[in-house]
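Visitor: Below is the structure I would like to discuss, written out as structure tokens.
The values are calculated or read from the model by the stated rules, or taken from the named source; none is laboratory data. The structure displayed is predicted, hence computed values, not measured ones. Neighbour counts are summed over all protein chains in view; Cβ atoms, including those assigned to glycine, are modelled from backbone coordinates with ideal geometry. Please note that ligands, DNA and RNA were not included when accessible areas were found on the heavy atoms of the full protein model with its side chains. Shrake-Rupley method; radii C 1.70, N 1.55, O 1.52, S 1.80 Å.
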Amino acid sequence: MNILITQGRLIDASQQLDQVQDLYISAGKIVGMGAAPQGFQPDQTLDAEGKWVLPGLVDLCARLREPGSEYKATLLSELRAAMAGGVTSLACPPDTDPVLDEPGLVEMLKHRAKSHALAHVYPLGAVTRQLEGHLLTEMFALTAAGCVGFSQADTAIVDTQVLWRAFEYAATFGYTLFMRAEDPYLAKNGVAHDGEVASRLGLKGIPAAAESIALQTMLRIAQATGAKLHIARVSTAESVELLRQAKQAGMVVTADVSIQHLHLTDMDIGFFDSMVHLKPPVRTQRDRDALRAGLLDGTLDAICSDHTPVDDDAKALPFAESHPGASALELLLPLTLKWSAQAKLAPLQALAKVTQIPARILGVNAGTLQTGATADVVIYDPEMEWRVDGRALLSQGKNTPFVNHSLTGKVTATITQGNLVFQQETVQLTR
């Protein structure tokens, strides 16, 4: 199919492009912009006047809940949510049931995702078997099955000798480790940031040091072994400073922050709002300001959704007993651009943190509108005003701390692999 997108504002960080042009798609590829390629005849024309035309977003962390937790969400429901949010490529952590620690499970997930012909799904394999932190997985076999990197999700490797061996193994073969830094003993049973709000509400706290202590260990081991390290979902000011110092010293390390932590603080817990029960917890305004500053100066490289659909019953429990997580695929783009507007950052620079840069971290060909690239394209209306309604989300998880928040800007169409799969007018997938 040939698709012509007319009069859209093309914004692509990979080309430092920001101007109004037509975009041409044929046989699943971008075949030109500006002047029409010779002989091009569109089968479908999309008018994007007044709208932005962007590369499909690349998300570094989105839980799809399959296999094993289909009662929370299904692969199809979350890929549909990804289309509504303009996320055309995403990495999923290995904390499924069963854990992604066997090549057959990875191949099954890749096959099922491919059969839906929606977002490109890039699994992260488990670093240790069953995420138990004892025995390393067969990373080579998992990579052959389709894993783009390795993670422990939210489970720490307590034994530093095992952690050292994992980094050595990854360094030997050039694999990237996607690790969240948290000391399990300091964080044990904690549900909120260890501060004034948690004390007032009587909630068990997780100190900022739980993250920074674990991060120091990982940075030291990565430096010694030469492993490629990505720190996932940074949440504290101390961690930002540690990463800044590491980068200034010449260390090659990348890091991301979740979109929730860019906008929320522990004050948003209010009177035990379980929608704000997240992992890691949202922290103080000082921490949030440091995260924002870290993104601006390049200490933090990317923004992820940390999409974690949770069923209604699990969120209806008292705060400390509720399940952590937020549904965020459909909010990633407008919330990223809301942050950029507040920070007075040009859209081109902000969009790089959810397109080009995460694609580079994952090592995948995505997040670009360059001629010859796979046609993963998003049309975005920057002026559309709307109110977040959890019930209207396409994700099976309706859990978001941004319910009833007013946002400006929304995805109106998503194209993946040259196929128009989502249009806002009908709020339905065309495939």
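Visitor: Could you tell me which of the residues LYS188, LYS204 is surrounded by fewer than 21 Cβ atoms within 10 Å (Cβ to Cβ), of a type in the set (D, E, K, R) and either closer than 23 Å to GLU168 by Cα or without any contact (Cβ under 8 Å) to a residue 60 or more places away in the chain (or both)?
Guide: LYS188
Visitor: From the set of residues in the range 144-168 that are open to solvent by 50 Å² or more (accessible area, probe 1.4 Å) and in a helix (DSSP H, G or I), which is farthest from ILE206 (Cα to Cα)?
Guide: Across the range 144-168, the extreme among qualifying residues is ALA144.
Visitor: Go through the range 93-104 and give me each residue that's closer than 15 Å to ARG63 by Cβ, of a type outside the set (D, E, K, R) and surrounded by 15 or more Cβ atoms within 10 Å (Cβ to Cβ). Explain how you work it out, then say what you get.
Guide: To start, the set of residues in the range 93-104 that are closer than 15 Å to ARG63 by Cβ comprises 93-100.
So of that shortlist, the ones also of a type outside the set (D, E, K, R) come out as 93-94, 96, 98-100.
The answer is PRO93, PRO94, THR96, VAL99, LEU100.
Visitor: Given the residues VAL53, VAL106, which is the only one that is within 24 Å of the chain's Cα centre (by Cα), more than 22 Å from GLN423 (Cβ to Cβ) and not polar (S, T, N, Q)?
Guide: Exactly one of VAL53, VAL106 is within 24 Å of the chain's Cα centre (by Cα), more than 22 Å from GLN423 (Cβ to Cβ) and not polar (S, T, N, Q), namely VAL106.
Quick grid of which residues meet (1) surrounded by 15 or more Cβ atoms within 10 Å (Cβ to Cβ); (2) at pLDDT 95 or above; (3) out of contact with any Asp or Glu (no Cβ under 9 Å at 6 or more places or on another chain); (4) farther than 19 Å from PRO93 by Cβ:
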site	(1), (2), (3), (4)
MET1	no, no, no, yes
LEU10	yes, yes, no, yes
VAL31	yes, yes, yes, yes
GLY50	no, yes, no, yes
PRO55	yes, yes, no, yes
ALA62	yes, yes, no, no
THR74	yes, no, no, no
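Visitor: Yes or no: PHE150 under 21 Å from VAL234 (Cα atoms) and among the aromatic types (Phe, Trp, Tyr)?
Guide: When the stated conditions are applied, PHE150 passes them.
Visitor: Taking the range 373-401 as the region of interest, how many residues are assigned to a strand (DSSP E or B), closer than 28 Å to GLY149 by Cα and open to solvent by 10 Å² or more (accessible area, probe 1.4 Å)?
Guide: Taking the range 373-401 as the starting set, the residues that turn out to be assigned to a strand (DSSP E or B) are 374, 377-387.
Subsequent filtering for residues that are closer than 28 Å to GLY149 by Cα retains 374, 377-378.
Restricting the remaining residues to those that are open to solvent by 10 Å² or more (accessible area, probe 1.4 Å) gives 374.
Counting residues in the range 373-401 that are assigned to a strand (DSSP E or B), closer than 28 Å to GLY149 by Cα and open to solvent by 10 Å² or more (accessible area, probe 1.4 Å) gives 1.
Visitor: Mind checking which residues of the range 309-327 are assigned to a loop (DSSP other than H, G, I, E, B) and open to solvent by less than 10 Å² (accessible area, probe 1.4 Å)? Give the derivation first.
Guide: Pass one, the range 309-327, residues assigned to a loop (DSSP other than H, G, I, E, B): 309-311, 316-318, 322-325, 327.
Those that are assigned to a loop (DSSP other than H, G, I, E, B) and open to solvent by less than 10 Å² (accessible area, probe 1.4 Å): PRO309, VAL310, SER322, GLY325, SER327.
Visitor: Taking the criterion of being among the basic types (Lys, Arg), touching a helix residue (DSSP H, G or I) at 6+ places or on another chain (Cβ under 6 Å) and surrounded by fewer than 21 Cβ atoms within 10 Å (Cβ to Cβ), would at least one residue in the range 264-287 satisfy it?
Guide: Looking for residues that are among the basic types (Lys, Arg), touching a helix residue (DSSP H, G or I) at 6+ places or on another chain (Cβ under 6 Å) and surrounded by fewer than 21 Cβ atoms within 10 Å (Cβ to Cβ), one finds at least one in the range 264-287, hence yes.
Visitor: Next question. Looking at the range 362-372, can you tell me whether even one residue there is buried (at least 22 other Cβ atoms within 10 Å of the Cβ), outside any helix (DSSP H, G or I) and on the phi > 0 side of the Ramachandran plot? Let's see the steps before the verdict.
Guide: Here is the first cut: in the range 362-372, the residues buried (at least 22 other Cβ atoms within 10 Å of the Cβ) are 362, 366-369.
Applying the additional criterion that residues be outside any helix (DSSP H, G or I) yields 366-369.
Filter once more, keeping what is on the phi > 0 side of the Ramachandran plot: 367.
Within the range 362-372, one or more residues are buried (at least 22 other Cβ atoms within 10 Å of the Cβ), outside any helix (DSSP H, G or I) and on the phi > 0 side of the Ramachandran plot.
Visitor: Condition first: in a loop (DSSP other than H, G, I, E, B) and among the basic types (Lys, Arg). Can you find one or more residues in the range 336-352 that meet it?
Guide: Yes - at least one qualifying residue is present in the range 336-352.
Visitor: Among the residues of the range 84-91, are any buried (at least 21 other Cβ atoms within 10 Å of the Cβ) and polar (S, T, N, Q)?
Guide: yes
Visitor: In the range 70-95, which residues are more than 12 Å from the chain's Cα centre (by Cα) and among the β-branched types (Val, Ile, Thr)?
Guide: THR74
Visitor: Oh, and also: Scan the range 213-256 residue by residue and report those that are under 18 Å from HIS193 (Cα atoms) and in contact (Cβ under 8 Å) with a residue 60 or more places away in the chain. Talk me through it step by step, then tell me what you get.
Guide: If we filter the range 213-256 for residues that are under 18 Å from HIS193 (Cα atoms), which is where we start, we get 213-215, 232-240.
Correct list: ALA232, ARG233, VAL234, VAL240.
Visitor: Return only the number of the condition from (1) open to solvent by 50 Å² or more (accessible area, probe 1.4 Å); (2) modelled with pLDDT of 95 or more that GLU70 does not satisfy.
Guide: Evaluating GLU70 over (1) open to solvent by 50 Å² or more (accessible area, probe 1.4 Å); (2) modelled with pLDDT of 95 or more leaves (2) as the failure.
Visitor: Right, another one. Out of THR412, THR371, report the one residue that is over 20 Å from GLY50 (Cα atoms), out of contact with any helix residue (DSSP H, G or I) (no Cβ under 7 Å at 6 or more places or on another chain) and of a type in the set (Val, Ile, Thr).
Guide: Details: THR412 fails: over 20 Å from GLY50 (Cα atoms).
Every option except THR371 fails the conditions.
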